[in-house]
Amino acid sequence: MQASFSKLLIVFFLLYSFSSFNICSSEEEHAPQIASYEIDVKLDTQEKKLGGKEILTFINTSHKSIDTLFLHLYPNAFQSNTTTLMKESDFSDRIKRRPKYRGFMKIEMVGISLGSDLTDKKIIDETIMKLPLPNSLPPRGKIKLEIGFEVELPRIFVRMGYYGEDFMISQWFPKMAVLGEDGNWNAHQYHFNGEFFANFGTYDVSITVPLEYVIGATGCLVKEYKNTDSTKTLVFRAEDVHDFAWAASPDYQLSKRVVDGIEVNFFYKPEHEKAMDRIMDDAEFALKYYNSCFGKYHYNHFTMVDTKIGLGGGAMEYPTLITIFPSRVPPENIRADALIVFHEIAHQWWYGMVASNEFEEAWLDEGFAVYSQRRALEERFGKRANLIDLWGIKLSDLDFTRLSYFLDLQSDPIVKNSWEFRNYLSYRANVYSKTSLILETLRNYLGEERMDEFLKEYFRRYKFKHPKTQDFIQVVGEFTGDNLIFVLEQLLFGTGVCDYEVASIESVPLENEDKRRRYRTRVEVRRLGEVVIPVDVLIELEDGGRIKHTWDGKERWHEIEIETDSKIRSAVVDPENKLALDINVNNNSLTAKSCDSVMMKLSTQCLFWLEIWMHWITCL
Amino acid sequence: MVSNKRFQKRIMRIILTSFVEGISNVWANRFLIGMMFLFRLVFSLILLSPLYLMFSASFATNVKASNFLTWFDLSLFIDFVYHWRKTLSVYFLMFILVCGLAMLVFIFLSGGFWGTLRDLIKNREQNSKMEIFFGYCGKYFWGMFKISLFMIVLYFIALFLFLFLSVILSSITGEASWWEITSWHMVVKFLIAIILFFLVNMSGDYLRIFLVENFGERFFGVVGKTFRFLLTNLLKTLSLYYLLSIVLVVIIFVYLQIYGIMNGMPQTGFFIFLIFMVQQIFVVFRSFYRLVFYSSQLVLHDKISNKEACVLEAK
Ligand SMILES: [Zn+2]
């Protein structure tokens, strides 16, 4: 029985491996093919230029006929110091002073395949190109465009460009904007805050580079051949994706590994050889962990490229590809690289497959990625010191997130166009940190298992779709009931904070006839923040008795009055720390007697360090 | 060969006797240790008191604060900083001002420390110690102040020298990650830093010795004399400095061991008090030992210059 079963397994395995050979995505469900590209591009490594041709196939998925197409020409964001991106960033001076940071895209020709030439009809406004059509495109109608383009690459700057001999090529081809169901285009300029939004499709990309160059790209390599002019062409195919990015360097080394049937490729620089194994381990962990928590990674390939992405960024996610530039910190003590790998890989789920609109609702990608990264860090390195464990300083990702949330609590609500946030700090604090704290709070209310069920359901329902805030709220509602929806709406659309406090506690002896001593115990809890969330209050008595009470939090204050057999020892609001969003946990409790040993320890330690400090500053 | 060995022995003897005499001189003037410790304690208490009030408001009746007894719970601390951010920014300003004041007061006191210790070597009469001590404080203040400013310049020069040397070292060996202290060129960098720091610190001490010995002379005259002395006696002065430092490092190591053991004990009031006592004893010791640095170097300087004088007379 055993033997025949294992034979069967071998046959099954062989069949499986033949069937998956050189196929770029699994056979299951596919994304709607709305915008697909065949691109032929050549990288001129001397002139730092791209020259290419693309055939863009687009389907009108709206209910209306359309007579204009909108395309993104992202590289034009680098054309001068007055572009939207430059004005919003702090870098406009830099580009003014240093011409090498300049870059742009030139449209050499554009026309309908086997149809009219639209080159002269195009209207370019910075990073948006409007293309009036000679005949309108009806609902479900398909159009094929042919575009010739050239890109002058900037020195690496906000995700794209060259540095030394290396190239990071992203947002580099004329790209179709997203057409809403109502027939309106979702086409925004390239802003400094906020990322991207696009439709799914298939990308067939041929990249020609000098022979010595190595390329890591979205999708998988299907063909490679040498040309006569000492260049080579690599042909990549990526199915069910909504973007295509690549990096090229003459000294990339390649490390390969197969994880859960996914071929993982890491193109790393020789100077990062030491970090290579560690980063591969992190990637393996993340892919496996997210596979089990959120649902299966759709593709059978995943690529990491070791590259800088320039000022204004640390690392970046693209479909089936992430960038990582190993940091120079002790990896055992500061898990910066693990955090980045976990974050960017989480984006494969929350951006890559569940593709929300990053222009208008970036929180649905970034907040989810921060939450996922935290889950992975906790799973891998424990809860307490999963980010920094150095010289006695223990910092968890949760601490770090709360800290960055505190940097700008109240300037903006979470749900807002990315570029309309007060500044990058507020964007970061809300879209990344506050959102992840909301998800953390949700996890604490639902419990880990239920939370995973929720995320799996959300992923299943919106894989290859573009869910919006209301879609998220609806799924939450199905899991929690209406109570939490009310809370969620305050948190997503409002700028209020969450802060509960125990204001006072007391136990007064009661006059009574029998000999048993009884007390009237009073606890006053207050809601200092605007956000209303039901909370637990735990009362502990001197005899060890515990009384739990739930308060709906609707009023600004609430008094709990009970008769008890012994005096109160302490009262704690939110005793299980469910409210990750609470901005001051130090006022969450009160004890009847002050905790002298804590005060003694804190002040004596401080005194000692101050004395040592005095010793040092008098060295002069 | 033989004479070389004898020379080495003589240096060893002179250094060891300077060290021992240095200790006994400080011990003979125990009130100086008290002054040094008191200075640190008073300024530390000034800086501690606002913190204490904030701690007390946030942690004294906080159930979760008992976490601090076992580990440093950063989440409580983050909320503490956020909650008190406005007060803390005022505190920060106060901190800078108090530290500036402390440095000035120490510059004032150092005249007293050096003057009193020098007198002991010269066996001068000492009637009212306090009166003499503060007399010296006033007398040498301006000189000590100028030396401190000069020291800042020296530290900057040392820093640039260090950066320069590490750039050269990196260009020879290639970059290394700063945390890999096991790699040999990080060890070299560390040693360069230590040597430079010691050199500057030691120069400061001898500048002060020459100031009290040659009071009234032009500042740059004192500086010139000091460096001439240091250059001609570098082996002796450095050896003494290293001996002093190595003993200190050993004692700090012992302290850390004791602290480690005590910190592992259950954090009851008694043990917290015990740790506090050990820490304060350590601070008293550091005060004592800084004076030993001063007085040993004074003794060494005295021995060397006496000998030079003898040689001159003999000639
Ligand atoms: Zn992200």
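The values are calculated or read from the model by the stated rules, or taken from the named source; none is laboratory data. Note that this is a predicted model, so its numbers are computed, not measured. In this analysis, Cβ positions are derived from the backbone assuming ideal geometry, glycine residues included, and neighbour counts consider all displayed protein chains.
Can you name the residue in the range B:37-75 that is more than 27 Å from B:PHE133 (Cβ to Cβ) and charged (D, E, K, R) and is also farthest from the other protein chains (Cβ to nearest Cβ) among such residues? In this case the residue turns out to be B:ASP73. Taking first residues from the range A:325-336 that are in contact (Cβ under 8 Å) with a residue 60 or more places away in the chain and partners that are surrounded by fewer than 19 Cβ atoms within 10 Å (Cβ to Cβ) and outside any loop (DSSP other than H, G, I, E, B), the Cβ contacts under 9 Å between residues at least 6 apart in sequence or on separate chains come to A:PRO330/A:LEU390. The lone criterion from (1) within 10 Å of the ligand (Cβ to nearest atom); (2) closer than 19 Å to A:LEU581 by Cα left unmet by A:LYS383 is number (1). Of the set (1) assigned to a strand (DSSP E or B); (2) farther than 30 Å from A:HIS298 by Cα, all apply to A:ALA77 but (1).
Scanning the range A:295-348 for residues that are of a type in the set (D, E, K, R) and within 14 Å of chain B (Cβ to nearest Cβ) yields a count of 4. Here the condition is being at negative phi, away from every other protein chain (no Cβ under 14 Å), assigned to a helix (DSSP H, G or I) and at pLDDT 90 or above; of B:GLY22, B:GLY34, it holds for B:GLY34 alone.
Where strands (runs of 3 or more DSSP E) sit wholly within the range A:510-620, those with at least 2 residues that are of a type outside the set (Val, Ile, Thr) and more than 9 Å from chain B (Cβ to nearest Cβ) occupy A:519-527, A:535-541, A:546-551, A:557-564. Among the residues of this structure, A:THR435 does not count as one that is within 18 Å of the chain's Cα centre (by Cα), within 14 Å of chain B (Cβ to nearest Cβ) and within 16 Å of the ligand (Cβ to nearest atom).
To keep it simple, each residue is scored yes or no on (1) more than 16 Å from the ligand (Cβ to nearest atom); (2) more than 18 Å from the chain's Cα centre (by Cα); (3) farther than 29 Å from A:ARG380 by Cβ.
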| residue | (1), (2), (3) |
| --- | --- |
| A:TYR213 | yes, yes, yes |
| A:THR228 | yes, yes, yes |
| A:PHE244 | yes, no, yes |
| A:ASP251 | yes, yes, yes |
| A:GLY261 | yes, yes, no |
| A:TYR268 | yes, yes, no |
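What are the pairs, 6+ residues apart or on separate chains, where a residue within the range A:40-58 that is in a strand (DSSP E or B) has its Cβ under 6 Å from a residue that is among the hydroxyl-bearing types (Ser, Thr, Tyr)? From the range A:40-58, the pairs are A:ASP40/A:SER206; A:LYS42/A:THR208; A:GLU54/A:TYR37; A:LEU56/A:TYR37; A:THR57/A:SER36.
Of everything listed in (1) buried (at least 18 other Cβ atoms within 10 Å of the Cβ); (2) without any contact (Cβ under 8 Å) to a residue 12 or more places away in the chain; (3) assigned to a helix (DSSP H, G or I), the single unmet condition for B:TYR52 is (1). Screening A:LEU395, A:LEU364 for residues that are within 14 Å of chain B (Cβ to nearest Cβ) and hydrophobic (A, V, I, L, M, F, W, C) leaves exactly one candidate, A:LEU395. Here A:TYR427 does not qualify as under 18 Å from the mean Cα position of the chain (by Cα) and more than 16 Å from the ligand (Cβ to nearest atom). Scanning the range B:264-301 for residues that are over 23 Å from the mean Cα position of the chain (by Cα), within 10 Å of another protein chain (Cβ to nearest Cβ), surrounded by fewer than 16 Cβ atoms within 10 Å (Cβ to Cβ) and outside any loop (DSSP other than H, G, I, E, B) yields a count of 3.
For every residue, the table says whether it meets (1) in the same structural domain as A:ASP243 (by TED's automatic domain parsing); (2) under 18 Å from A:ALA245 (Cα atoms); (3) out of contact with any Ser or Thr (no Cβ under 9 Å at 6 or more places or on another chain).
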residue	(1), (2), (3)
A:HIS272	no, no, yes
A:CYS293	no, no, no
A:HIS301	no, yes, no
A:MET316	no, yes, no
A:VAL341	no, yes, yes
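Checking the range A:128-146 against the condition returns no match, with no residue being assigned to a strand (DSSP E or B), surrounded by fewer than 18 Cβ atoms within 10 Å (Cβ to Cβ) and either of a type in the set (Phe, Trp, Tyr) or within 16 Å of the ligand (Cβ to nearest atom) (or both).
Among the residues of the range B:239-260, some residue qualifies, meaning at least one is within 14 Å of another protein chain (Cβ to nearest Cβ), aliphatic (A, V, I, L, M) and within 30 Å of A:CYS595 (Cα to Cα). Anything in the range A:239-298 that is of a type in the set (Ser, Thr, Tyr) and surrounded by fewer than 23 Cβ atoms within 10 Å (Cβ to Cβ)? List them, or say none. Selection gives A:TYR252, A:SER255, A:TYR289, A:SER292.
For every residue, the table says whether it meets (1) away from the ligand (no atom under 12 Å from the Cβ); (2) assigned to a strand (DSSP E or B).
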position	(1), (2)
A:VAL305	yes, yes
A:ALA315	no, no
A:ILE322	no, yes
A:PRO326	yes, no
A:ALA338	yes, no
A:PHE342	no, no
A:GLY352	no, no
A:PHE359	yes, no
